[in-house]
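Below: one structure, written as structure tokens.
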There are 2 protein chains.
Amino acid sequence: MQWWRARSKGRQNSFQELRFGSSKIDTDLINRIERATGQKPHHFLRRGIFFSHRDMDQILDAYENKKSFYLYTGRGPSSQAMHVGHLIPFMFTKWLQEVFDVPLVIQLTDDEKYLWKDMTVEKAYEYAKENAKDIIACGFDINKTFIFSDLDYLGTSPGFYKNIVKVQKHVTFNQVKGIFGFTDSDCIGKISFPAIQAAPSFSSSFPQIFNGKENIQCLIPCAIDQDPYFRMTRDVAPRIGQPKPALLHSVFFPALQGAQTKMSASDPNSSIFLTDTPKQIKTKINKHAFSGGRDTIEEHRKYGGNCDVDVSFMYLTFFLEDDDRLEQLKQAYTSGELLTGELKKVLIETMQPLIAAHQERRKQVTDEVVKQFMTPRKLAFEF
Amino acid sequence: MQWWRARSKGRQNSFQELRFGSSKIDTDLINRIERATGQKPHHFLRRGIFFSHRDMDQILDAYENKKSFYLYTGRGPSSQAMHVGHLIPFMFTKWLQEVFDVPLVIQLTDDEKYLWKDMTVEKAYEYAKENAKDIIACGFDINKTFIFSDLDYLGTSPGFYKNIVKVQKHVTFNQVKGIFGFTDSDCIGKISFPAIQAAPSFSSSFPQIFNGKENIQCLIPCAIDQDPYFRMTRDVAPRIGQPKPALLHSVFFPALQGAQTKMSASDPNSSIFLTDTPKQIKTKINKHAFSGGRDTIEEHRKYGGNCDVDVSFMYLTFFLEDDDRLEQLKQAYTSGELLTGELKKVLIETMQPLIAAHQERRKQVTDEVVKQFMTPRKLAFEF
């Protein structure tokens, strides 16, 4: 399992599908966010990429009454190379941090990766620190952001362990079996892991970070496949005297081969990686991006392309910020005026500078900077 | 469950019964211990109270070649009052520490008590600190002993958590179900707890305590009911590159009502508590200690008492150090010369000063002393 990764799940992206009582992020909510922050809503919101939520209205109620919150997101560091899909929650979280001006904790579940993969503890921790560089390169505020490896931080915060054990007391094997599909042959580490992903939802897990302040409201931006963890967390929260975390869910990020194929970090052609060269980006998109175009130019001109299944167009909805341009491309492609090759060219020209800029920023992230982000310390924020 | 407590198990003490491939502590081994330490073996060894072991011969092989080891034992702090049965592993561990001159770590599984009982995390931690006072009163060397609460220490030692997660990766739910009888309705905290009791068997859980030295051999003196934890630990050890801990097992400690009844910390009459007054001790023994004597004085004189079921006599085997006196009492009781009331009087006169002395020593244990024992620090020992 790949906890924090937005991924395709063997079916089409459904921007509307809501799960187990989560709510749609509708125009009203987006307008409220705009009013509360005084900022134009992020295109991930405008385009339904973050499409579902739990209790975001309560976050805004409180925020309008000068009561702030903290952000929590994370990543399971399975390998050194991250792909662009991994960036989605971080790009959005960075925007949330900026417009709401709030602190942020980022969990690197290296313990989880050790448990699930054929990997040593040392390797998992090494990946965590490597991945932290890509995360930091997204532009988080060093004074308001704490990044932690479980393997490291769990052993430096009694508050964190206390919350873990509290969650573990209130969740049965039957429950995690139902939620995560564990079986009797799974190791006890996997079985108890959900509590470790749950605990950072409670500010008392971070006494040093939040200056001992408890019961601060938490908001979790994450890919929709993480929702089961936090549904579980929200069930437990009132029983251990903690506020339920609110959630913002993003859609699955599609593989280049199409939303119906499973993305795999071990297949370099399944997505664009943050380490790809301009040439690799070009080749991958041209060779592998599933096309919603017609079989021949003639048919394409006549019937037009299908944006709903065209991966190049999907990727552009994620990464092309200009709304007008995107709408233009959509119309031209749908009408048959724009050919697949031309659409791919737009995507290539969007991704190449984006990845190059990321690589440039990542180069600036020294081990010293990583160490600063990962040092438990009071964040520059008063609740 | 009461992890660390020696207890009766609804059947008679069996000094000989060996489990799952453990070995009897025979005269040869006792003689070897005497030769290695140059000290008379503890009466718990001489009388078969510590009756079974795993790999104690290897400990002695290494010790004779100037390779030392560390001791690990523990307790689940379920309530403030400990009874005399709880002292058995600690009295013996203190002796081992003295005669072998080795460091010692003592785990207080307050997390376990929180998980199993209707108790807050704060209360469990409070009990841990209270229990630590009774443990310290047994006379451990402050320079060579580290006592830790899981709730506290797990959050201050990444090395400890790393070993926990390593054990958790190598034990399945099926295994803990088989060993501990967990069911699908048990909380995931209980299910993963065995790894937390396992981890202190590895010196890398204590980088500060052992100055970063890994793979130090561990010897665990404990009551026989703890063996399942350490059988599991020994199975996992080679798979995570750690030495198997060696073990010394004590028999169950009988309740006053007899070895066949279950001892309960909530029943003040089931044993002698460390807080009992001389009068309470006298009353309890006279009223509740199961007698192996006959129904009438006449019958007793004629047929004699049965030391095998007489709880007063059993308690004397634990607490009366004088071998000759014990043998005298046994003969006199068995022959009918000594009456139950007289045997009880001997026990009362043994326990009253023992408990009073314990209470006196416990009074000297200030919060400051507890804090010193519980502070992670390098112990005064070089491996």
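All of the numbers you see were taken from the coordinates with simple rules; none came from a lab. Computed from a predicted structure; not experimentally measured. When we count neighbours, we look across all protein chains shown, and the Cβ atoms used for this are built from the backbone with ideal geometry, even at glycine.
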Q.
For the protein assembly as shown, take every pair of Cα atoms, bin their distances at 10 Å starting from 0, and report each bin as a whole percent.
A. 3, 13, 20, 20, 15, 11, 8, 5, 3, 1, 0, 0
Q | Which of B:D110, A:D267 has the fewest Cβ neighbours within 10 Å, and the rest in rising order | A | A:D267, B:D110
(Q) Can you return the lysines within cross-link range of A:K344? Criterion is Cα-Cα under 23 Å, with same-chain partners fewer than 8 residues away left out. (A) A:K262, A:K279, A:K282, A:K284, A:K287, A:K302, A:K330
Q.
Could you tell me how far the Cα centroid of segment B:291-343 sits from the Cα centroid of segment A:237-303, in Å?
A. 82
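Between B:D57 and B:K378, what is the FRET efficiency for a Förster distance of 30 Å, r being their Cβ-Cβ separation, to the nearest 0.05? Display every interim value, and only then the final one.
Numbers: r = 30 Å, r/R0 = 1.00.
Plugging the Cβ-Cβ distance into 1/(1 + (r/R0)^6) gives 0.50.
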Q | Anisotropy class of segment A:10-256 from Cα gyration tensor, a/c 1.5 cut | A | rounded
Q) How far apart, in nm, are two points set 7 Å out from the Cα along the Cα-to-Cβ line at B:K24 and at B:R362? A) 3.8
Q) Among the aspartates and glutamates, which have Cα under 12 Å from the Cα of A:K113 when same-chain residues fewer than 8 positions away are ignored? A) A:E122, A:E126, A:D150
Q) Nearest-5 percent of antiparallel DSSP beta bridges in chain B? A) 30
Q: Return the calculated 222 nm mean residue ellipticity for chain A, to the nearest 500 deg cm²/dmol, obtained by summing -39500 (n - 2.57) across DSSP H runs with n ≥ 4 and dividing by the residue count.
A: -14000 deg cm²/dmol
Q) Where nothing but the Cβ of Lys and Arg (+1) and of Asp and Glu (-1) is charged, how large is the charge dipole of segment A:278-362 around its Cα centre, in debye to the nearest 20? A) 520
Q) Can you work out ³J(HN,Hα) from phi for every residue in segment B:149-160, in order, using Karplus 6.51 cos²θ - 1.76 cosθ + 1.60 and θ = phi - 60°, giving whole Hz and x for Gly and Pro? A) 8, 4, 4, 8, 6, 4, x, 10, 9, x, x, 5
Q.
Treating the point 7 Å from Cα along Cα-beta-carbon as the label, what are the nm separations from B:R301 to the other copies, to one decimal?
A. 12.8
Q) How far is B:D322 from itself in the other copies, in nm, if each label sits 7 Å out from Cα along the Cα-Cβ line, shortest first? A) 10.2
Q | With 10 Å bins from 0: P(r) over segment B:271-315, alpha-carbon pairs, percent | A | 27, 43, 24, 6
Q) If one takes the longest principal axis of the Cα atoms in chain B, at what angle in degrees, from 0 to 90 and to the nearest 10, does the Cα axis of helix B:27-37 lie? A) 60
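Which values, in whole Å and largest first, are the semi-axes of the equivalent ellipsoid of segment A:285-381 obtained as the square root of 5 times each eigenvalue of the Cα gyration tensor?
39, 14, 10
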Q: Find, among the residues of chain A, the one whose Cβ sits nearest the axis of the rotation taking A to B; state the distance in whole Å.
A: A:S192, 2
Q) By a straight-distance test (C-alpha under 23 Å), which lysines pair with B:K67 as possible cross-link partners, with residues fewer than eight away in the same chain excluded? A) B:K40, B:K94, B:K144, B:K213, B:K244, B:K378
